[in-house]
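As structure tokens, the structure follows; a few thoughts come after it.
The values are calculated or read from the model by the stated rules, or taken from the named source; none is laboratory data. Because the structure is a prediction, the values reported are computed rather than measured. Counting neighbours? That spans all protein chains shown, and the Cβs are built from the backbone with ideal geometry, glycine included. Keep in mind that these areas ignore ligands, DNA and RNA; they rest on the heavy atoms of the full protein, side chains included. Shrake-Rupley method; radii C 1.70, N 1.55, O 1.52, S 1.80 Å.
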Amino acid sequence: MSYSVDKTEDEWREELGEEQYAVLRQAATERAWTGELLDEERAGLYTCGACNAELFKSGTKFDSGCGWPSFYESIRPDAVELIEDRSLGMVRTEVRCANCGSHLGHVFPDGFGTPTGDRYCMNSIALNFTPDAS
């Protein structure tokens, strides 16, 4: 797939730094319960940590107890790209930014009690957060 934001891996590495590059461009995962945005409760907007594309609204964030920020839907269906992931000996659905192709996390059909039944389990380091103006 081609993306609106197209950079070389060297450009991404330079812009993102080691930890963000590992998650966003190499599909690594930050350790559970360590992300800065896990307990973020303010109203606002979550954007891609690589290209700043809009991804999630704070109103769709919920406490899933999984150790990573969880959302029940993206801001728009075309904001994210869903890809079958067969790594680690299981079948999961990877979530990437549709604007730049960066890895954000995975989506699971176990968002019990949410309007969609989905749990977008995102890495904090893959996201930026901008609080609403008060």
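Here is how the numbers come out for the structure above:
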item	result
Test: LEU38 is under 17 Å from GLU19 (Cβ atoms), part of a loop (DSSP other than H, G, I, E, B) and in contact (Cβ under 8 Å) with a residue 40 or more places away in the chain	yes
Any pair with Cβ under 6 angstrom, 6 or more apart, that starts in the range 57-79 at a residue that is farther than 17 Å from ALA98 by Cβ and ends at one that is in a strand (DSSP E or B) and polar (S, T, N, Q)	PHE62/SER70; SER64/SER70
Of all residues in the range 47-86 being out of contact with any Pro (no Cβ under 9 Å at 6 or more places or on another chain) and over 30 Å from GLU11 (Cα atoms), the one that is surrounded by the fewest Cβ atoms within 10 Å (Cβ to Cβ)	GLY65
Considering residues of the range 6-22 that are under 16 Å from ALA53 (Cβ atoms) and assigned to a helix (DSSP H, G or I) only, the residue least open to solvent (accessible area, probe 1.4 Å)	TRP12
Among the candidates ALA43, ALA133, residue that is in contact (Cβ under 8 Å) with a residue 40 or more places away in the chain, exposed (fewer than 14 other Cβ atoms within 10 Å of the Cβ) and of a type in the set (A, V, I, L, M, F, W, C)	ALA43
Tally, over the range 87-115, of residues that are in a loop (DSSP other than H, G, I, E, B) and either closer than 23 Å to ARG13 by Cβ or open to solvent by 60 Å² or more (accessible area, probe 1.4 Å) (or both)	11
Index of the failed condition, TYR3 passing every other in (1) outside any strand (DSSP E or B); (2) open to solvent by 40 Å² or more (accessible area, probe 1.4 Å); (3) at pLDDT 95 or above; (4) under 17 Å from SER102 (Cβ atoms)	(3)
Any chance ARG119 is within 22 Å of GLY59 (Cβ to Cβ) and charged (D, E, K, R)	yes
Filter pass, SER74 being within 13 Å of the chain's Cα centre (by Cα), under 25 Å from PHE112 (Cβ atoms) and either at pLDDT 95 or above or not aliphatic (A, V, I, L, M) (or both)	yes
